[in-house]
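Undergrad: Take this structure first; my questions come after.
What follows draws every value from the coordinates through simple rules; no lab data is involved. Predicted, not measured: the structure shown is a model, and the values here were computed from it. Quick reminder, even Gly has a Cβ in these numbers, built from the backbone with ideal geometry, and neighbours come from all protein chains shown.
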């Protein structure tokens, strides 16, 4: 059966043409050749992606086996990616064999054999291919040539190697990139180059005979700047090893070609040298499995790990099986003792924003108090947590900490009632730990109550419930209660213990937060409960007063009460005040507007407008049965109800939560209060001015445009209306006229009026209100807001007094109607109703003065006004009299000449001012005109020597002034004799001495520098030369008269300076001249330190000190200008704008900057010599001089 099946298959295969016979033919080999091969830096016919490549295929034949026949075919197949669709194919053959191209497309070329190969003929068929498209993939590939011998139904195949090289370099990558490492860590980086098609050009030496290498560089220009060093060669290599030396960021670069620069291309890797926190030490209390615990985590920031307060954060991940609650409150985490904000919690990771700024290396203590709710793992063992920060994200594991065997969960306690000293029911709930199973009648639970809790000696079993069952056995010892279990309890099972009121347990006598602790016989570690609150009963003696006690107004509330027997309040405890219905509370109240026993609040109160509730935190503590007085200012904005009647409010405290009702307070409607009515003058028959003052009530505030009503007595004569400009309210003129009907004035307010504000209405006498008969009169006032009419104080009107004047002397004693001596003026007044009426007077438009005795007029032309007023206010119309008084002689001012003045001209213009411009001026007996401003000018001739100038001035009243001034005319220039330097003398220091003799009292300058001249005319001083070589010294002498003498002397400067300094001595020498230093040279950090200013000025340099930036600038000009800048504390100096690194930093001693001697030598181009035995330093300029 098997044979039949096999034979059938063979027949089917033959019939289908599947079977092709492979024979040994004439094909002996094939060669694929790129005509112009490329290289590492040159493209060629074998370059990947070349679209115009030139290839030759050589196919070799012999005469062994089957010979080529007409009709045979040659199929050439290049690797995938070649494309000959647009190529040109040229063929050559051998012997009698002829060939033609049948087709070429894709990567295949088919050639037809068109004539037979004769026996004995051997040779090659050459296929020349131009304009070929190479594949983009580089590498060593295989091409094939297949010959189909159709005459014998046979074929044979030969293959040849085709090498495609990468295109030119396109990009460089460095691995790894980026890379994070630590200081001191080493890492090897590898660079790889690729062409545009992604073909690799590195590590290919064995394939292509070449490969790319690179030069490497560390770039440090990206802050924060880190640094590293190469530990291997960095030139002409494709991999390097670096070691991180400082934290921060730097960039590692590889450049191609290595023979550069210039470089064709480069690649880079960002290297981050990380600073990281130290491993944390963790302290857990209590350290028991399953127990709520306090965690204290201590570590230090890395050197680059400084944190910004309110911005940066610390992230802590707790180990597996640690419970971290999803909500941790603001005060539940502390950083170095300060509350910190928990940014968020996810899983077992907590991120905390730091409360203030820490510098790098700072020591950090993170505390999670018990209230944070973190619960230890449920299994004992060794654990580690992990710490990182926003600036140091590397997660660092802590040192190990140990969690011991399991404990119960943190108990919760409910106390009813929770009032001090009360007998209460206590309900305690918790869960047993993973190993906390308890057996009935055998295991026990122990409860320790806090101090001041009363626990009776005997407690009945039926008064204690465990999960609803009566306790099996109960015993007490002090405040500890031990209970033997009535039921079995499994691990992690909820346990509820109820101590009923029948147990007789009494709450502590003091209110506050309390904790008890619970343990079991299987989990003997006592676990502290969550706190429970014990409060006081209620406040007492609650009294309220409201001011003003009127409706619809904002009022001050005074609330007093006494705390209960155990109602003491701690600072920050809350007091609650609930106001009655219809009372309106503001959105907020500033803390300064509420006081408690005279103290301002620390924080603004909480406001619940819907509940009319104010919550106040006490600024200080209060004791038991202590009176508390709360005053809420009227400015707080609490508005009384709008309906008159009696009201009560409620008060309670955080410690005494029972709401207590206050006494009743009564609110009434508002009305104005009369103040005064003033009539000026209260004189019969005169137009009267009225000043009417009243005070609005608590509800009397008015908007602009509301009305004030004034009703006068019928006996008062009123005009039909009063123009608006004659009436003012609160000093503001009205905006509309005042209407009058039945002696009632209706006044529209031009401005708003506040509650309880004193309002002044002024009606001017121009309004025309008069009273014709002597007598007492009244008026009434009310407003559109306070409509109850109120009687104002009454006022009187009566006849005026009269005044008489007498003057001594009666007539003026000067010229032109002027008084030269001051006259005496006396006033007297008479009144029918007052024996001694007051007299008032004023000069011109000055304020009125009360007359108390004789008066005198002031200087000048003035009008005296006077009148009398009696004690009831009636006054006469003012009278007047003109006085002209001048008792002061005229004054000569601002003379441009002075006594003893020197001049060198024949004439002089004399100018000045006369205090009285209408006066007559005589100079040297000649009249000189005076301008309206009092200015005068006269030209006077002078003689050589002393000249006396006389002045006479006479004013309009006849007062005279005499004055004389002596001036000296001097036209002879001063003499000068220069003793040193002699002309063309050679000097060796920039600062040289000048000396000589001139006239006393002259001004002398040498090259613009003032030189002091002694009383005997001799002078000596120092002058600084500007440059080496010839310097001109110009001596300028100017005498008091302005005569000038000029002399010049040329000197030659060849700068040579020798400075000798001694370590530890203040004595020094400059060119053998002894000097005394402020502070001696000294040795600092093995370097000789010398005074910078002393040496600089010894060289003739200028020294400037900028105290703001603390920089000294030395400018030294000789043959070249040298500018030096140094700063104390920095070893970096500036020398002609370039940085100069000193061996040691400059220091300050007694206000002088000291620098290292080497810096001096190099900065000034000088030599320095050291004499050991004398401990002497010698500085010589110039170098080699």
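Undergrad: How big is the Rg/Rh ratio for the stretch 821-928, C-alpha atoms only, Rh by Kirkwood, two decimals? Display every interim value, and only then the final one.
TA: Working: Rg = 23.6 Å, Rh = 18.2 Å.
Ratio of gyration radius to Kirkwood radius: 1.30.
Undergrad: Right, something else. For each of 795, 1062, count neighbouring Cβ atoms within 10 Å of the residue's Cβ, then give the residues from fewest to most.
TA: By the 10 Å Cβ count, ascending: 1062, 795.
Undergrad: Can you give the calculated 222 nm mean residue ellipticity of the chain, where each DSSP H run of n ≥ 4 adds -39,500 (n - 2.57) and the sum is split over every residue, rounded to the nearest 500 deg cm²/dmol? Intermediate results must be reported in sequence, preceding the final value.
TA: On the way: 4 runs with 34 residues, N = 1185.
So the calculated ellipticity at 222 nm is -1000 deg cm²/dmol.
Undergrad: Give the Rg/Rh ratio for the stretch 1080-1185, taking Rg as the radius of gyration of the Cα atoms and Rh as the Kirkwood radius, to two decimals.
TA: 0.94
Undergrad: Also, I was wondering about something else. Which FRET efficiency, nearest 0.05, do residue 732 and residue 359 yield, Cβ-Cβ r, R0 56 Å?
TA: With a Förster radius of 56 Å, E is 0.35.
Undergrad: Could you give the length gained by full extension between residue 231 and residue 707, i.e. 0.36 nm per residue of separation minus their alpha carbon distance, to one decimal place?
TA: So the chain would gain 161.7 nm between residue 231 and residue 707.
Undergrad: Also, quick follow-up: Determine, for 195, 975, the number of other Cβ atoms within 10 Å of each Cβ, and report the residues in order from fewest to most.
TA: 975, 195
Undergrad: Distance from the Cα centre of the stretch 604-657 to that of the stretch 1084-1116, in angstrom?
TA: Centre-to-centre distance over Cα atoms comes out at 71 Å.
Undergrad: I need two numbers for the stretch 657-785: Rg to one decimal and Dmax as a whole number, Cα atoms only, in Å.
TA: Cα radius of gyration and Dmax of the stretch 657-785 are 18.1, 73 Å respectively.
Undergrad: Among 1088, 382, 476, which comes first, second and so on when ranked by fewest other beta-carbon atoms within 10 Å?
TA: Listed from fewest to most nearby Cβ atoms, that is 382, 476, 1088.
Undergrad: Provide the gained length on full extension for the span residue 43 to residue 83, in nm with one decimal, where the gain is 0.36 nm per separating residue minus the Cα-Cα distance.
TA: So the chain would gain 12.6 nm between residue 43 and residue 83.
Undergrad: Between the stretch 668-701 and the stretch 475-496, what is the C-alpha centre distance in whole Å?
TA: 84 Å
Undergrad: Relative contact order for the chain using alpha-carbon pairs under 8 Å, separation at least 6, rounded to a whole percent?
TA: 4 percent
Undergrad: Output the Kirkwood hydrodynamic radius of the chain, Cα pairs only, in Å rounded to one decimal.
TA: 48.3 Å
Undergrad: Run the Debye formula on the Cα coordinates of the stretch 19-164, all scatterers equal and no solvent, and tell me log10 I(q)/I(0) at q = 0.10, 0.11, 0.16, 0.17 1/Å.
TA: Here log10 of I(q) over I(0) equals -0.34, -0.41, -0.81, -0.89.
Undergrad: How big is the stretch 1054-1112 along each principal axis, measuring the range of its Cα positions in Å and listing the largest first?
TA: If we take the Cα atoms of the stretch 1054-1112, the spans are 37, 33, 19 Å.
Undergrad: A further question follows. At 7 Å along the Cα-to-beta-carbon direction for both residue 950 and residue 114, put a label point, then send me their distance in nm to one decimal.
TA: Placing both labels 7 Å along Cα→Cβ, they lie 15.0 nm apart.
Undergrad: Arrange the peptides 1133-1143, 358-368, 124-134 so that the one whose residues have, on average, the most other Cβ atoms within 10 Å appears first.
TA: Top of the packing list down: 124-134, 358-368, 1133-1143.
Undergrad: Can you give the log10 of the normalised intensity I(q)/I(0) at q = 0.13, 0.19, 0.26, 0.28 Å⁻¹, computed with Debye over equal Cα scatterers of the stretch 892-969?
TA: Debye intensities relative to I(0), on a log10 scale: -0.38, -0.76, -1.28, -1.43.
Undergrad: Determine the percent antiparallel among the DSSP beta bridges restricted to the chain, to the nearest 5.
TA: Numbers: 355 of 377 bridges.
The answer is about 95 percent antiparallel.
Undergrad: In what sequence, highest mean first, do 937-947, 1074-1084 appear when ranked by Cβ atoms within 10 angstrom?
TA: Top of the packing list down: 1074-1084, 937-947.
Undergrad: Follow-up. Calculate the all-directions average of the projected area of the stretch 169-274's alpha-carbon convex hull, and give it in nm².
TA: On the way: hull surface 26.3 nm².
Computing the convex hull of the Cα atoms and averaging its projections yields 6.6 nm².
Undergrad: A further question follows. With a 10 Å radius around each residue's Cβ, average the other Cβ atoms per peptide and rank 620-633, 306-319, highest first.
TA: Output ranking for 620-633, 306-319: 306-319, 620-633.
Undergrad: A follow-up question, please. With N residues in the stretch 281-406, what two-decimal value do you get for its Cα radius of gyration over 2.2 N^0.38 Å?
TA: The stretch 281-406 yields a ratio of 0.99.
Undergrad: While we're on this one: Can you tell me what percent of all Cα-Cα pairs in the stretch 976-1053 are more than 20 Å apart?
TA: Working: 778 of 3003 pairs.
Distances greater than 20 Å cover 26 percent of the Cα pairs.
Undergrad: Just to be sure I understand: if I project the alpha-carbon convex hull of the stretch 422-469 onto a plane and average over all orientations, what area do I get in nm²?
TA: Numbers: hull surface 18.7 nm².
Over every viewing direction, the Cα hull of the stretch 422-469 projects on average to 4.7 nm².
Undergrad: What is the Cα centroid distance between the stretch 766-837 and the stretch 939-1017, reported in whole angstrom?
TA: 70 Å
Undergrad: May I ask you to give the average projected area over all directions of the convex hull of the Cα atoms of the stretch 703-844, in nm² rounded to one decimal?
TA: If you wrap the Cα atoms of the stretch 703-844 in a convex hull and average its projections, you get 13.3 nm².
Undergrad: Mind listing P(r) for the stretch 109-195? All alpha-carbon pairs, 5 Å bins, whole percents.
TA: Calculated over all Cα pairs of the stretch 109-195, the distribution is 3, 7, 12, 15, 11, 9, 8, 7, 6, 5, 5, 4, 3, 2, 2, 1, 0 percent.
Undergrad: In addition: Taking only Cα atoms, what is the 0 to 90° angle, nearest 10, from helix 2-16's long axis to the longest principal axis of the chain?
TA: 70 degrees
Undergrad: For the stretch 251-337, what does the alpha-carbon gyration tensor say about shape, rounded, prolate or oblate, given a ≥ b ≥ c as the root eigenvalues, a/c under 1.5 as rounded, and a/b over b/c as prolate?
TA: prolate
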